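Chemist: If you scroll down you'll find the structure; I have some questions about it.
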Amino acid sequence: MKYRLGKRVAAGAVAGLMAASPVMADLVFPSMSYRTGPYAAGGIPFADGYADYFTMINARDGGIGGVMTTVPECETGYNTEKGVECYESLKGGGGLVYQPLSTGITYQLIPKTTADDIPMHTMGYGRTSAKNGEVFTHTFNYPANYWDGASGAVNYLLKENGGDLNGKKIALVYHNSAYGKEPIRTLQELSKKHGFEFKEVPVDHPGQEQKSQWLQIRRDKPDYVIMYGWGVMNQVAVQEAVNIRFPMENFIGVWWSGSENDVLAAGEGANGYKALTFHGVGSDFPVFDDIQKYVVDAGNAAGAGDQIGTVLYNRGLYAAMLAAEAALNAQGIHGTADITPGMMRDGMEALEMTEARMTELGLPNFGPEFKVSCQNHGGNGLVGVTQWDASTKTWSLISDFSATDADVVQPLIDADSAAYAAENKIEAGC
Amino acid sequence: MFYREAGDFSTTYAEDQQTFPIKFDRYRYYVVLFIAIVVIPFMVNDYWVNSIFMPFLIYAIAAIGLNILVGYCGQVSLGTGGFMAVGAYACYKLMTSMPDVSMFVHVLLSGLITAAVGVLFGLPSLRIKGFYLAVATLAAQFFLVWLFNRVPWFYNYSASGQISAPERDTFGIIITGPNTEAWAAYGFCLIFTIASAVIARNLTRGSVGRRWMAIRDMDIAAEIIGVNPLRAKLTAFAVSSFFIGISGALFFAIYLGAVEVGEVFGITKSFLVLFMIIIGGLGSIFGSFAGAAFLVLLPVVLKVVGVDLLGWPTDIVAHLQLVIVGALIVIFLIAEPHGIAQLWRVAKEKLRLWPFPH
């Protein structure tokens, strides 16, 4: 098509002028969003942030490397079948990188994207062992994964307890699905290493009914509760924890259990609740001035435009920023502005986020520094902790982005990815 | 006019009893089969197979299975999702423990295993009926999902509890896994769909089907004329679960490739298949296809029209779809309880008489 177009143009009288600027397609960053269903409260801000960042890039910089971006949206409803339908229909539009935003859909798409030579970015979710790029060539989960989350929470507790968790009791309240089950093995290993007692408390989808689980927690009196929840489950859990008077300072959610939606419903009671994070909170970053100027004031904000600065909006924005950086990287590597999904993969694999670059982008201290390589698709796995202040209704970062326990996490990743490689006859290697 | 019967005489009982007694219908059926088998495999791409044909074919098998139980035998069931899960997990265990055996065998075995489980959960149907049986099968649904989530043996002790289909073949053609060609996946499902429809059609018009229908229409009267309710009900459960198990196995192994039981085979799946046979038509094989096609295509069509053509926000279209499906179910229940199949039947009658309606 493009070739034919080029030929026709060349045949024209103004050939010399026109042929110099070949017709370029947009860079497509599909957004597999969910603005409906039991998880919509989390899906909406993420999708808004993702779309707004690209809108800003288009308006402010004229796209990436001179090529405009488009963000076609497809509603998955957090449903695997719809997710597959979305992927197949978006594939026709030449999407550069897919962010399925659901562990279930990620599992479907890992083999499909690998076969189609399209990269997938599962930021802070999906299959943890995809960190091993030797096996999972097209899946990236930088800057942190579920097992970093489990280790990060334990590290934080270690710091609070003077480096000793011996004899303590830690309970894990989790969404009884692939996502929620992910940290169990890591926490089991960590409990062996640090000598704390570990207890699993599953909650079934969608998680509105948790009375019995919290009665169990009241009876067992764990010192700390870690939560891997999502959607409506979080709100209910925080409320139930308030009901049994569980001390909120000892209740830590993973990053998918740490947004405004999860704590606002419980009001004052939720004060002091903590959550892990791998990016900054609040709207106190220079980039938000640009968002205001080029997106909101121009009337181009995605959705209702009321999510700016919320935790999940920031995560969507962060995801978009990392995708844009990887695209820029890919353009540099391959020397063309019109990149393909395969080139995008190379750009992601060579991605390095430094503090200097983050500051340049208007996001100083927003996220940890990390470097992706062929072996390591998961970055450095630095995790921070945030805390909710119910009186000002804000989250604030209360710790640095600090390293997680690679001695425990890495062997688990190696074992799990080796099992996957054996099951699917994948030749591991870089 | 459209349906000419002139010159269409049957001279034997066999001719009179055939599935498509009208020549025009019969030829149309052959044309559909010809297109499905010979034309489509050469034209499909990933999108058409993964988004439209495969869900349609697989849901059609599930709908046929449920239709046998609900439509033909009158035993209300809400356990479809659970039985599909049995098929999927059986297939997974077979695939991973016997990698060299053909996928055909695995899918058939999964159907047989599901049939056995179905009979087990069908036993209460001898004592309870209607609404109470629906609740009993609902219990089966929840129990089976809980079981597959709870017992690590079923998912081979994987860390996440997900099952994912490794690459397997049949007659040297790759059928599962990411490297499957679109036509291979389509063809594999098509074979099972056609076979299921033919078997179901022949069962339901033979003596077995008559027994089911007798039980459905009035079980006491059926017993008096010599139908054994135990055998009739349990065969209905067995055959129905067999088809549902096959659809579950295909759903997991060929269509999705990885499954999380609570999400994919939850209660919503049971309702979806039930809606298919309600909208399509209870007690009709064609209805099972019509219902499956309708509920698979409707969201895709709404998405294409709403999002791609009109440019509406995706969430509005998703909500609209819920409203439309809900409204359609109510409308069908009021206006045409026998579903699309009955609409088609009436249309056909009218076309046969047209242009002389009186």
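Chemist: Can you find, within the stretch B:10-49, the residue that is nearest to B:T180 (Cα to Cα) among those that are of a type in the set (S, T, Y) and assigned to a helix (DSSP H, G or I)?
Modeler: Among residues in the stretch B:10-49 that are of a type in the set (S, T, Y) and assigned to a helix (DSSP H, G or I), the one nearest to B:T180 (Cα to Cα) is B:Y47.
Chemist: Sticking with this one: Can you pull out the residues in the stretch B:335-358 that are surrounded by 11 or more Cβ atoms within 10 Å (Cβ to Cβ) and not in a helix (DSSP H, G or I)?
Modeler: Of everything in the stretch B:335-358, those that are surrounded by 11 or more Cβ atoms within 10 Å (Cβ to Cβ) and not in a helix (DSSP H, G or I) turn out to be B:E336, B:P337, B:H338, B:W354.
Chemist: With the requirement that a residue be within 14 Å of chain B (Cβ to nearest Cβ) and either among the basic types (K, R) or in contact with a helix residue (DSSP H, G or I) (Cβ under 7 Å, 6 or more places away or on another chain) (or both), what does the stretch A:186-200 give you?
Modeler: A:T186, A:L187, A:E189, A:E200
Chemist: Just to be sure I understand, how many residues within the stretch A:126-152 are within 13 Å of chain B (Cβ to nearest Cβ) and either in contact with a Pro (Cβ under 9 Å, 6 or more places away or on another chain) or of a type in the set (S, T, N, Q) (or both)?
Modeler: Qualifying residue count for the region: 10.
Chemist: Okay, moving on. Suppose we filter B:I324, B:I334, B:I254 for residues that are touching a residue at least 40 places away in the same chain (Cβ under 8 Å) and more than 10 Å from chain A (Cβ to nearest Cβ); which single one remains?
Modeler: Criteria check complete, one pass: B:I254.
Chemist: What residue, among those in the stretch B:182-207 that are among the β-branched types (V, I, T) and crowded, with 17+ Cβ neighbours inside 10 Å, is farthest from the other protein chains (Cβ to nearest Cβ)? Before you say what the answer is, go through the steps one by one.
Modeler: The first filter runs over the stretch B:182-207 and keeps only residues among the β-branched types (V, I, T), leaving B:191, B:193-194, B:198-199, B:204.
Those still in the list that are crowded, with 17+ Cβ neighbours inside 10 Å too: B:193, B:204.
Details: B:T193: 18, B:T204: 29 Å.
Among those residues, the one meeting the criterion is B:T204.
Chemist: May I pose another question? Of everything in the stretch A:73-89, what is touching a Gly at 6+ places or on another chain (Cβ under 8 Å), at the interface with chain B (Cβ under 8 Å from one of its Cβ atoms) and assigned to a helix (DSSP H, G or I)? Give them in sequence order.
Modeler: A:T80
Chemist: Here is a list: B:G291, B:G248, B:G283. Which entry is away from chain A (no Cβ under 11 Å), outside any helix (DSSP H, G or I) and within 23 Å of B:I199 (Cα to Cα)?
Modeler: B:G283
Chemist: Kindly provide the set of residues from the stretch A:201-243 that are within 14 Å of chain B (Cβ to nearest Cβ), among the small types (G, A, S) and in contact (Cβ under 8 Å) with a residue 40 or more places away in the chain, ordered by number.
Modeler: Across the stretch A:201-243, the qualifying residue is only A:G231.
Chemist: Can we say B:L272 is within 14 Å of another protein chain (Cβ to nearest Cβ), within 13 Å of the chain's Cα centre (by Cα), closer than 30 Å to B:S158 by Cβ and not in a loop (DSSP other than H, G, I, E, B)?
Modeler: Yes; evaluated as a whole, the condition is true for this residue.
Chemist: Starting from residues that are in contact with a helix residue (DSSP H, G or I) (Cβ under 8 Å, 6 or more places away or on another chain) and not in a loop (DSSP other than H, G, I, E, B), keep the ones in the stretch A:346-370 and report whichever is surrounded by the most Cβ atoms within 10 Å (Cβ to Cβ). Quick ask: steps written out before the conclusion?
Modeler: Looking only at the stretch A:346-370, we keep the residues that are in contact with a helix residue (DSSP H, G or I) (Cβ under 8 Å, 6 or more places away or on another chain), and these are A:346-348, A:350-351, A:353, A:357, A:361-367, A:369.
So of that shortlist, the ones also not in a loop (DSSP other than H, G, I, E, B) come out as A:346-348, A:353, A:357.
Values: A:D346: 18, A:G347: 25, A:M348: 27, A:M353: 24, A:R357: 12.
For the stretch A:346-370, the residue satisfying everything is A:M348.
Chemist: Another question, if that's okay. What do you reckon, is A:T103 in contact (Cβ under 8 Å) with a residue 12 or more places away in the chain and within 9 Å of another protein chain (Cβ to nearest Cβ)?
Modeler: The answer is yes for A:T103.
Chemist: A further question on this structure: It is to be established whether one or more residues within the stretch A:399-411 are within 14 Å of chain B (Cβ to nearest Cβ), buried (at least 18 other Cβ atoms within 10 Å of the Cβ) and acidic (D, E).
Modeler: no
Chemist: Also: Regarding the stretch B:299-308, can at least one residue be identified that is part of a loop (DSSP other than H, G, I, E, B), over 30 Å from B:R205 (Cβ atoms), within 12 Å of chain A (Cβ to nearest Cβ) and small (G, A, S)? Lay out the reasoning, then the answer.
Modeler: Going through the stretch B:299-308, the residues part of a loop (DSSP other than H, G, I, E, B) turn out to be none.
Within the stretch B:299-308, none of the residues are part of a loop (DSSP other than H, G, I, E, B), over 30 Å from B:R205 (Cβ atoms), within 12 Å of chain A (Cβ to nearest Cβ) and small (G, A, S).
Chemist: Looking at (1) surrounded by fewer than 24 Cβ atoms within 10 Å (Cβ to Cβ); (2) in contact with a Phe, Trp or Tyr (Cβ under 8 Å, 6 or more places away or on another chain); (3) touching a residue at least 24 places away in the same chain (Cβ under 8 Å); (4) away from chain A (no Cβ under 14 Å), which is the only condition B:G82 fails?
Modeler: Status for B:G82: all satisfied but (1).
Chemist: OK, next. Report yes if some residue within the stretch A:304-317 is more than 15 Å from the chain's Cα centre (by Cα), more than 27 Å from B:G311 (Cβ to Cβ) and not in a helix (DSSP H, G or I); otherwise report no.
Modeler: Yes, some residue in the stretch A:304-317 is more than 15 Å from the chain's Cα centre (by Cα), more than 27 Å from B:G311 (Cβ to Cβ) and not in a helix (DSSP H, G or I).
Chemist: Anything in the stretch B:136-181 that is assigned to a strand (DSSP E or B) and at the interface with another protein chain (Cβ under 10 Å from one of its Cβ atoms)? List them, or say none.
Modeler: Correct list: B:I163, B:S164.
Chemist: Which one of the conditions (1) away from chain A (no Cβ under 14 Å); (2) at pLDDT 90 or above does B:M54 fail to meet, given that it meets all the rest?
Modeler: (1)
Chemist: Out of all the residues in the stretch A:38-74, which are at positive phi and either surrounded by 21 or more Cβ atoms within 10 Å (Cβ to Cβ) or touching a residue at least 60 places away in the same chain (Cβ under 8 Å) (or both)?
Modeler: A:G65, A:G66, listed by residue number.
Chemist: Within the stretch A:28-72, work out how many residues are away from chain B (no Cβ under 14 Å), in a helix (DSSP H, G or I) and not hydroxyl-bearing (S, T, Y).
Modeler: Count: 9.
Chemist: I would also like to ask the following. Go through the stretch A:247-259 and give me each residue that's crowded, with 20+ Cβ neighbours inside 10 Å and not aliphatic (A, V, I, L, M).
Modeler: Result: A:F251, A:G253, A:W255, A:W256, A:S257, A:G258, A:S259.
Chemist: Could you check the stretch A:173-185 and list, in sequence order, the residues that are within 14 Å of another protein chain (Cβ to nearest Cβ) and in contact (Cβ under 8 Å) with a residue 40 or more places away in the chain?
Modeler: Those that are within 14 Å of another protein chain (Cβ to nearest Cβ) and in contact (Cβ under 8 Å) with a residue 40 or more places away in the chain: A:Y174, A:H175, A:S177, A:A178, A:Y179, A:G180, A:E182, A:P183, A:R185.
Chemist: Among the residues of the stretch B:315-334, are any surrounded by fewer than 24 Cβ atoms within 10 Å (Cβ to Cβ), in a loop (DSSP other than H, G, I, E, B) and out of contact with any Cys (no Cβ under 7 Å at 6 or more places or on another chain)?
Modeler: no
The values are calculated or read from the model by the stated rules, or taken from the named source; none is laboratory data. No experiment lies behind these values; they were computed from the predicted model shown. We place every Cβ from the backbone using ideal geometry, glycine too, and count neighbours over all the protein chains shown.
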